[in-house]
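Q: Can you keep this structure in mind? I'll have questions shortly.
Values in this text are rule-based calculations from the coordinates and carry no lab data. Note that the structure is predicted; figures quoted are calculated from it, not measured. Methodologically, a virtual Cβ is constructed for each residue, glycine included, from the backbone with ideal geometry; neighbour enumeration extends over all protein chains shown.
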Amino acid sequence: MEFPEELKYTEDHEWVLVEEELVTVGISDFAQDALGDVVFVELPEVGTEVVAGKAFGVVESVKAVSDVYAPLSGVVEDVNEELPDTPEMVNTSPYDDGWMIKIRPTDNSDADNLMDTEAYQAHIAEEK
Amino acid sequence: MRYLPHTPEDVAEMLSQIGVNSVEDLFVEIPEAVMLDRSMDLPEPLAEADLLREMRQLAGQNASVATHRSFLGGGAYNHFSPAAVDQLISRSEFYTAYTPYQPEISQGTLQAIFEFQTLICQLTGMDAANASMYDGASACAEAVLMAMRLTRRSKVLLSKALNPRYRETAATYCRYLGVQLEEIAVDGAGRTDMQDLVAKLDDATAAVVMGYPNYFGVVETLADVAEAAHGAGALLVTAVAEPVALGLLKSPGELGADIVVGDGQSFGLPLSFGGPYVGFFAARQKGLRAMPGRLVGETVDLDGKRGFVLTLATREQHIRREKATSNICSNQGLCALIATVYLSLLGKQGLRELADQNYAKAIYARERIGALEGFSLPFNSPAFNEFVVRCDAGVERLLETLQAQGILAGIPLDTDYPELQDCLLVCVTEQNTRRDIDELVDALAGGVS
Amino acid sequence: MTQAGTSGLVLNEKLLFEHSEPGRKGYSLPTLDVPEATLPAELCRDEITGFPELSEVDVVRHFTRLSTWNYGVDSGFYPLGSCTMKYNPKVNEVAARMPGLADIHPATPQALTQGALALIYHLQEDLAEMSGFSAVTIQPAAGAQGELAGMLTIRAWHEAQGSTRSKVLIPDTAHGTNPATAALAGYDVVPIASDGVLSLAEVEAHMDDDVAALMVTNPNTLGLFETNIEPICKLVHERGGLVYCDGANFNALMGIARPGDMGIDVMHFNLHKTFSTPHGGGGPGAGPIGVAEHLVPFLPKPLVVRDGEAYRLDDDRPQSFGRLLAFNGNFGVLIRAYAYIRSMGAAGLKRATEMAVLNANYIRARLEDVYDLPYKNRSLHEVVFSDKNLAGGCHTLDVAKRLIDYGYHPPTIYFPLVVKGAIMIEPTETESREILDEFCDAMLVIAQEASDNPDLLHNAPTVPKVRRLDETTAARKPKLKWEG
């Protein structure tokens, strides 16, 4: 399982790529593995306001369903339009083709509270 | 007891394997205080022959469509069911099977449901149908809730010409969900009043719900309603209590309905004093993931062979729990199988001919009754196999008189519609011969003279 | 020893629609004996595209072949936990088909349906006696609708007290229908933890003055009696709430203990579980509810009541929460349940419960050395193992599928959620010791196979008409109807 160093992670297993203006969000390799084959992804529309810690979307496998939570508050600037038709990208490429949304955060410094790779791996070990 | 196989020796050996002394020891976890310290007070058990005697005696106290000439409809219809229907659904591989959660040994049930879903789509003109709901009324209630999920609105307009029991059931399901239910008036032709509808439609309206045909048998002008509803961003929910009509009438889908529900009882199910019937539920593709109930889908097995599975289960209660699209679990699977067998036997031509016969017989009865002195037809619109009759002399005594002659002439409407005092809902199907109808007409004429 | 399922001749069969030949039909209508009439053309549809055209023989072969791809209780052992797949007596089928019961129109005047109303009334009374409740209504069409009826009754009662409580407590062992139903009744669901059985302390910690009810299942889905049920009910009542009981597992209690006596306020029965009516491949069931005295006015309408010698449908119930169906419930199912109760009698029903519990404990005793048993309390009617001890990378699903090759329906799997890899076995009372032994032998052989040759499990089943099916593609690209 891979957990790229350049990303931040949440307790609910989202990953976050923090850049100058926007942050990109998806679910971690651990999350996709736990869910199994993803069959459906529901994402918000561009312009939707999201709130840190609240669900913004849903990922489903055949027999499980999981909310995806916003790591930061802000406005959705872009969504991965490919995912609804090819939800398997969440499994095959969780950090790249499987990205979900880009948020323009209200306050970028909120990202400081997220976990780095090491802390996230410790978190996973604890959950197991 | 013939259903309990263990001999005393079996019990003794099993107890010893378990390592307890008596059957009572198996219940040690139940606190003494709640143990029942007496026998249950139930009637003495009956041998099979005695049971059948008692059941025949109970059965003998009821009027059925076999003992009486029946013109009762109102959401339950007396149609003929070919012998092959009951013979086939009596195969115990069908009726003693559980919900098909293990697809490898449930392909019979699964393929039949897939066929049921297809038949319902073909009849209603919709994209997707589920594996069944309890009945037409509860399916209608679930459709109201689905329309609210899809539109994120909370006001629903129910036509007053929709079956009153369907309206009551929808009100029950909506009771604590913050729904604003409003009724739309009936116009002079027995249709949903378009002016009232347009006046009540607004940008908070999730859905307009109509019967098709409606409770009075009248064929609603669905296309106009669909246009009005869609203009306000609302959905059109159509409830079909008498689906034989769909052999003849334009499908609700063709006329713009977004969700079509109804009851499949007419498709070979016995009247059975009101149940079990089979609710059907169909919708447009875009609403698929908001649908309630089980869905069967086609797929392949490891060898690439075609097979069927329950699918999109993440909508359902066993996975999504409090966020499920419905709490439904058991549905009316065997009843859906009855409808599937029945429709296979009738087929394309048979269903059309059956619908034509029902229509023609009702027209014949309606015209003859309408011509009688003291009787009139309040609604002069195209109707399917039911129609409203006004009896100037009142209905209560008339019905009793006819009952004494072995005729169940219709359902009085005044309880549900005070404005339809002295009115009867009369239903005629292919099961009523011309002679039955003529006798009804004569009895009606004689009953008021 | 264990008899493996064998592959016999499996006949292939197309879809109905693929059989169709223009001009065929399998139905004969009487000659039209009234003048023809035509509906205005603008209201009429064109012919129904794709609708089947088959002869009666085509139809009979089609469904007969389909039936052979199914596994029913009449085919073999069905140890499906929480579903009580007991034998479905044949005489009940005969009774339900009597014309005087099967052909009654629901709008028939009540004076002419006294036999049907008497049957319903006596069934209500019998269920009330068995469960210790004041009244029973038979209207709900299935267990989940019974739950809804129960929760709406509870909510209507609170409303009548002027209370606006908004939460319902539900243990983590509950069926998914419990939270789904609470939500449908407009409640917020508060999950609470149980450690095998629910503790008074856990309920106490959550039982604030916004909690309308606790929903429990007793015995719970681990097959364990909720030993603290009495003090829990007392506490919930003291704090102004009510207790709902999911009665799916009532087969463990008949003649032994009554939920009404434990302080439960409402419970639903599953007539298609406890009372032997067939599951029909997913339904129809029936989910009557019993309620304590204070809740009777709030039950759905109509209710069947007796006035002297006459029975009637009581619609005049001003405090009722309303109606759930167009008519009077799944009467055809009620007939079968009534026939079952009349066949068994009080002693027979108690014996059924005792033998159901004996059978579950026997299976437990035979398997617990090999399969992990997460909760060790004395089991009632069902027993829950896990896949923890399995070798060869085999999981619960593999055991379930391998059982099919041995000729058994798999147990309930991956439920309850509190047991990882749960294997939930409910044998019911109608299975003989020989059947149980053969099943246990198969379970033990499978555990051995998991370590010796795990691919036998991973590749199972191989004997049925189809092998494991691709559920992922089915969900990703749903194909829900035939499209030619």
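Q: So what's the angle, to the nearest 10 degrees on a 0 to 90 scale, between helix B:48-59 and the longest Cα principal axis of chain B?
A: 20 degrees
Q: Now for a different question. Just from its helices, what would the mean residue ellipticity at 222 nm be for chain C, if runs of 4 or more DSSP H residues each count -39500 (n - 2.57) and the sum is divided by every residue, rounded to the nearest 500 deg cm²/dmol?
A: My calculation for chain C gives -10500 deg cm²/dmol from helical runs alone.
Q: Oh, and also: Give the residue from C:MET207, C:GLY146, C:TRP157 lying farthest towards the positive end of the charge dipole for chain C; charges sit on Cβ (+1 for Lys and Arg, -1 for Asp and Glu) and the dipole is referred to the Cα centre.
A: So the residue furthest toward the plus end is C:GLY146.
Q: Round to a whole angstrom and tell me the spacing of the C-alpha centers of the stretch C:129-206 and the stretch C:1-58.
A: Between the Cα centres of the stretch C:129-206 and the stretch C:1-58 lies a distance of 44 Å.
Q: Subtracting the Cα-Cα distance from 0.36 nm times the residue separation, let me have the gained length for B:ASP37 to B:MET1 in nm, one decimal.
A: Values: separation 36, 0.36 × 36 = 12.96 nm, distance 2.27 nm.
Extra length from B:ASP37 to B:MET1 when fully extended: 10.7 nm.
Q: Sum up the charges of everything whose Cβ sits under 13 Å from the Cβ of B:HIS68, counting Lys and Arg as +1 and Asp and Glu as -1, but leave B:HIS68 out.
A: Working: positive: B:ARG69; negative: B:ASP436, B:GLU439, C:ASP103.
Surrounding charge for B:HIS68 is -2.
Q: Another question, then. With r defined as the distance between the Cβ atoms of C:SER432 and C:ARG97 and R0 fixed at 22 Å, what FRET efficiency is calculated, to the nearest 0.05?
A: That gives a FRET efficiency of 0.15.
Q: Could you line up B:ARG397, C:ARG155, B:ARG366 from fewest to most neighbouring Cβ atoms inside 10 Å? Please list the in-between numbers first.
A: On the way: B:ARG397 12, C:ARG155 26, B:ARG366 23.
Neighbour counts put them in this order, fewest first: B:ARG397, B:ARG366, C:ARG155.
Q: Shifting gears a bit: Excluding same-chain residues fewer than 8 positions from B:LYS160, which lysines have a Cα within less than 25 Å of its Cα?
A: B:LYS200, B:LYS250, C:LYS301
Q: Using the basic label-point model (7 angstrom from Cα toward the beta carbon), what is the C:GLU483 to C:ASP314 distance in nanometres?
A: 5.4 nm
Q: Roughly how many debye, to the nearest 20, is the charge dipole of the protein assembly as shown about its Cα centre, given +1 on each Lys and Arg Cβ, -1 on each Asp and Glu Cβ, and no other charges? Could the numbers behind the result be given before it?
A: Working: 83 positive and 149 negative charges, 648 e Å.
Magnitude of the dipole: close to 3120 debye.
Q: Shifting gears a bit: Mind checking the mean number of beta-carbon atoms from other chains within 10 Å of the Cβ atoms in A:31-40?
A: 3
Q: As an exercise, use a Förster radius of 25 Å and the Cβ-Cβ distance of A:GLU20 and A:ASN113 to find the FRET efficiency, rounded to the nearest 0.05.
A: 0.85
Q: Would you mind telling me the antiparallel percentage of the DSSP bridges in the protein assembly as shown, rounded to 5?
A: Given both bridge residues lie in the protein assembly as shown, the antiparallel proportion sits at roughly 65 percent.
Q: If you average the alpha carbon positions of the stretch C:306-353 and of the stretch A:4-54, how far apart do those two centres end up, in angstrom?
A: A separation of 53 Å, based on Cα centres.
Q: Take every residue in peptide A:55-61, count the Cβ atoms of other chains within 10 Å of its Cβ, and give the average of those counts.
A: 3
Q: As a test of the formula, what do you get for chain A when each DSSP H run with n ≥ 4 contributes -39,500 (n - 2.57) and the sum is divided by the residue count, at 222 nm and rounded to the nearest 500 deg cm²/dmol?
A: Result for chain A, helices only: -4500 deg cm²/dmol.
Q: Could you tell me which of rounded, prolate or oblate describes the stretch B:83-342, using a ≥ b ≥ c as the square roots of the eigenvalues of the alpha-carbon gyration tensor, with rounded for a/c under 1.5 and, failing that, prolate when a/b is larger than b/c and oblate otherwise? Could the numbers behind the result be given before it?
A: Working: a/c = 1.99, a/b = 1.55, b/c = 1.29.
Prolate shape, in that a/c is at least 1.5 and a/b is the bigger ratio.
Q: Which of the peptides A:48-56, B:262-270, C:456-464, B:2-10 is most tightly packed, and how do the rest follow, judged by the mean count of other Cβ atoms within 10 Å per residue?
A: Values: A:48-56: 16.0, B:262-270: 29.6, C:456-464: 19.8, B:2-10: 13.9.
Most protected by this proxy first, the peptides run B:262-270, C:456-464, A:48-56, B:2-10.
Q: Something else now. With the cut-off at 29 Å, tell me which of the pairs A:LYS63/C:LYS479; B:LYS286/C:LYS167; A:LYS102/C:LYS167 have Cα atoms farther apart than that.
A: B:LYS286/C:LYS167; A:LYS102/C:LYS167
Q: With an 8 Å Cα cut-off and a minimum separation of 6 or more residues, compute the relative contact order for chain C in percent.
A: Values: 899 pairs, mean separation 97.1, N = 484.
RCO, chain C: 20 percent.
Q: Okay, moving on. So what is the relative contact order of the stretch B:370-449, in percent, for Cα pairs below 8 Å that sit 6 or more residues apart?
A: Result for the stretch B:370-449 is 31 percent.
Q: Sequence gap at least 6, Cα distance under 8 Å: using those rules, report the relative contact order of the stretch C:92-343 to the nearest whole percent.
A: Relative CO of the stretch C:92-343 lands at 29 percent.
Q: Give the calculated FRET efficiency between C:SER451 and C:GLU368 to the nearest 0.05, with a Förster radius of 22 Å applied to their Cβ-Cβ distance.
A: It comes to 0.75.
Q: Within chain C, which DSSP H helices have Cα atoms that stretch 30 Å or more along the helix axis and a mean Kyte-Doolittle hydropathy of at least -0.5?
A: Result, helices passing both filters: C:331-367.
Q: How would you rank A:95-103, B:124-132, A:72-80, B:14-22, highest first, on the average number of other Cβ atoms within 10 Å across their residues?
A: B:124-132, A:95-103, A:72-80, B:14-22
Q: A further question on this structure: PRE reach from B:LYS323 (point 7 Å along Cα→Cβ): which of the stretch A:53-78 fall under 17 Å by backbone N?
A: Once the point is set 7 Å along Cα→Cβ of B:LYS323, A:53-72 turn out to lie under 17 Å by backbone N, inside the stretch A:53-78.
Q: What is the distance in Å between the Cα centroid of the stretch C:453-483 and that of the stretch B:293-363?
A: When both Cα centres are located, 21 Å separates them.
Q: For peptide C:20-30, how many partner chain Cβ atoms fall within 10 Å of a residue's Cβ, on average?
A: For peptide C:20-30, the averaged partner shielding equals 6.
Q: Here is a follow-up. If the cut-off is 20 Å between C-alpha atoms, which lysines fall inside it for C:LYS273, apart from same-chain ones fewer than 8 positions away?
A: Qualifying lysines at Cα under 20 Å: C:LYS86, C:LYS90, C:LYS350.
Q: While we're on this one: Once both labels are modelled 7 Å past Cα along the beta-carbon direction, what's the C:ASP209-B:ARG435 spacing in nm?
A: It is 7.4 nm.
Q: Of all DSSP beta bridges located in the stretch C:92-343, what percent are antiparallel, nearest 5?
A: Counting DSSP beta bridges with both partners in the stretch C:92-343, the antiparallel share is about 40 percent.
Q: Okay, next question. Identify all lysines with a Cα-Cα distance to C:LYS401 below 16 Å; exclude those on the same chain that are fewer than 8 residues away in sequence.
A: C:LYS465
Q: In nm, to one decimal, how far is the B:VAL300 label point from the C:SER166 one, both placed 7 Å along Cα→Cβ?
A: The answer from the label model is 5.2 nm.
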